[in-house]
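Contents: one structure, followed by commentary.
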Amino acid sequence: RKSNDEMARKLDQRSKQLQGEVLELDLEKTLRDTYIFDSIEPIGKGIHGADIRQIVKTQRGNVCGIILWEVKQQKSWKKDFIEKLKIDMRDAKANIPIIVSTQLPESARNGFGFIDGVYVVSPSLAVSIAEAMRQQLIDIARERFVTQNKEDKAEDLYVYVTSQEFRQHLEALAEVYHAM
């Protein structure tokens, strides 16, 4: 009996690991199919870090940020999940950490929560949160780009207005106007 119980426990544990891997592979495939311009990179088993790194890109290939995904198929929620993903996020220099879990903490029982800087979602809401977070990263990158170009254009305009070429152009216009 002891041997049978031990074997059943090992099979059950192995089955749960496989279910977790299936959930992870399913999320990876869904992200890859949905966001064709993004780089979806699985982080291998046994390697320190989260499960999936999503590098958000525009259609032109401009990198907007990184979403780090951790997939959990556990019997119960553990607060350690949050701390581990925050460490992984700093190591990966990611912008947004998300845990997709079949078991959620009490504060996220409706399928979604934001706990200590980490988004926690049920598998059914993963794509929805991905869409919202991607759009946020793209909007922030766009604003950063506009602001950066604005300063460059203002500087270019100042250089042109104070240039000899501009002065000569204005003098030529004034001479034509005066002659008319």
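Remarks
- Among Q54, Q74, Q148: highest mean-square fluctuation, GNM of the chain, C-alpha pairs under 10 Å: Q148
- Remark: the chain carries a charge dipole of roughly 1180 debye about the Cα centre, counting +1 on each Lys and Arg Cβ and -1 on each Asp and Glu Cβ.
- Net lengthening on full extension, V176/K2 (0.36 nm per residue, minus Cα-Cα): 52.1 nm
- Computed accessible area, D156, all protein chains, 1.4 angstrom probe, square angstrom: 100
- Solvent-accessible area, 1.4 Å probe, carbon plus sulfur percent, for segment 86-180: 57
- Principal-axis tilt of helix 126-161 within the chain, Cα atoms, nearest 10 degrees: 20
- Since only V127, V161, N110 are under comparison, the one whose Cα sits farthest along the positive direction of the charge dipole of the chain, derived from C-beta charges on Lys, Arg, Asp and Glu, is N110.
- Degrees separating the helix 2-34 axis from the principal Cα axis of the chain, which is the longest one: 20
- Seen against the Cα atoms of the chain and their longest principal axis, helix 164-179 is set at about 40 degrees.
The values are calculated or read from the model by the stated rules, or taken from the named source; none is laboratory data. Note that the coordinates shown come from a computational prediction; the quantities given were computed from them, not determined experimentally. Backbone-built Cβ (ideal geometry, glycine too); neighbour counts: all protein chains shown. Calculation scope for accessible area: heavy atoms of the full protein, side chains included, ligands and nucleic acids excluded. Shrake-Rupley method; radii C 1.70, N 1.55, O 1.52, S 1.80 Å.
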